[in-house]
Amino acid sequence: MASELQKRLSANQVAEFYHDVFVQDQARDFGELAAPLDSDGVVVDIGGGVGYFAERVNVELGYPVRVIDMDPESVAQCAARSVPAQVGDALKPPIAGDEACVCFNLILHHLVARDEAGTRKLQLGALTAWKDRNIPLFVNEYIYESFVDRASGRLIYAITSSKLLSDIAGFAARFIPAFKANTFGVGVRFRSHDEWLALFRDAGFDVKAVRIGADEEVKLPLRLLLIKAIRRDSFILSPASAA
Ligand SMILES: C[S@@+](CC[C@H](N)C(=O)[O-])C[C@H]1O[C@@H](n2cnc3c(N)ncnc32)[C@H](O)[C@@H]1O
């Protein structure tokens, strides 16, 4: 289990995620890649926010669901809409034993520590926590491909995790809307497709299926960060069988 401390967003920063903009794609990918599940049980959505994904999976596919999120306000909003939810930490998740699949929708890139090595440990830890359950994991994550090696994800992490650089970027955002980010001062760690694959493998999982998302617009100022493509891809992971 990860011993690094996560740098967490404030309640106000998390509140900017109370929307369902990406949920349609996530639920479509889950339906195509994960369903039908091999075992009966609950679909757990880690970092499931206000429960839009879990709600869709329940209504459209009929699976029982449970959201686990560290933000009490998100969990309260789930409860208000009758989506089962509990406050919990992705890094020390409450494992009930009734899970049939565990989902990570746009949460791994928020598991950031004080440095690159610590951040990788956290992202690995969130996945390995579930390894012994021997069930599939569904991951939907941001992909940042760069013109130069894997530079963009690192640059964005450097800017968003540094107070000084975030202040400068925040100032620039007044004039360049493409720079807007509610993660300034805390950090986010996006990765290229291949970097996520390597992380999944290092966590001890095989990648069983992949769905490449549609390219999003990379606004001109963001090209300064050497970004070639931004999209959201989905992955199904299963514990690697012992050699
Ligand atoms: C970008 S939002 C994603 C919300 C939703 N899954 C979606 O795709 O729209 C990230 C979510 O992860 C939650 N989160 C961040 N770190 C967490 C942790 N260590 N444990 C549980 N939830 C966490 C935040 O509270 C937030 O709801």
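The values are calculated or read from the model by the stated rules, or taken from the named source; none is laboratory data. From a predicted model like this one, the values you see are computed outputs, not experimental measurements. Note that each Cβ is placed from the backbone with ideal geometry, even for glycine, and that neighbours are counted across all protein chains shown. Ligands, DNA and RNA are excluded from the accessible area calculation, which covers all protein heavy atoms including side chains. Shrake-Rupley method; radii C 1.70, N 1.55, O 1.52, S 1.80 Å.
Here are some notes:
- Where strands (runs of 3 or more DSSP E) fall entirely within the range 32-121, those with at least 1 residues that are out of contact with any helix residue (DSSP H, G or I) (no Cβ under 8 Å at 6 or more places or on another chain) and of a type outside the set (Gly, Ala, Ser) are at 42-46, 65-69, 99-105.
- Among the residues of the range 1-31, just one is open to solvent by 40 Å² or more (accessible area, probe 1.4 Å), under 19 Å from VAL83 (Cβ atoms) and touching a helix residue (DSSP H, G or I) at 6+ places or on another chain (Cβ under 6 Å), namely ASP20.
- Close Cβ contacts (under 8 Å, 6 or more residues apart or on different chains) running from residues in the range 33-51 that are farther than 22 Å from GLU73 by Cβ and more than 9 Å from the ligand (Cβ to nearest atom) to residues that are open to solvent by 30 Å² or more (accessible area, probe 1.4 Å) and among the acidic types (Asp, Glu) comprise GLY41/ASP98; VAL42/ASP98.
- Count of the range 219-242 residues which are crowded, with 18+ Cβ neighbours inside 10 Å and either without any contact (Cβ under 8 Å) to a residue 40 or more places away in the chain or among the β-branched types (Val, Ile, Thr) (or both): 3
- Restricting the first member to the range 65-77 and to residues that are closer than 16 Å to VAL102 by Cβ, and the second to residues that are open to solvent by 10 Å² or more (accessible area, probe 1.4 Å) and of a type in the set (Asp, Glu), the beta-carbon pairs closer than 6 Å and six or more apart or on different chains are MET70/ASP89.
- Set GLN6, GLN24: member being part of a helix (DSSP H, G or I) and within 15 Å of the ligand (Cβ to nearest atom): GLN24
- Condition check for VAL186: modelled with pLDDT under 90 and in contact with a His (Cβ under 9 Å, 6 or more places away or on another chain): yes
- Positions within the range 187-212 being in contact with an Asp or Glu (Cβ under 7 Å, 6 or more places away or on another chain) and either outside any loop (DSSP other than H, G, I, E, B) or crowded, with 18+ Cβ neighbours inside 10 Å (or both), in sequence order: SER192, HIS193, TRP196, VAL210, ARG211
- Check on ASP69, under 18 Å from the mean Cα position of the chain (by Cα), within 8 Å of the ligand (Cβ to nearest atom) and of a type in the set (Asp, Glu): yes
- Annotation note: of LEU111, LEU155, LEU127, LEU137, the sole residue that is touching a residue at least 60 places away in the same chain (Cβ under 8 Å) and within 9 Å of the ligand (Cβ to nearest atom) is LEU111.
- Count of the range 92-126 residues which are open to solvent by less than 10 Å² (accessible area, probe 1.4 Å) and more than 11 Å from the chain's Cα centre (by Cα): 10
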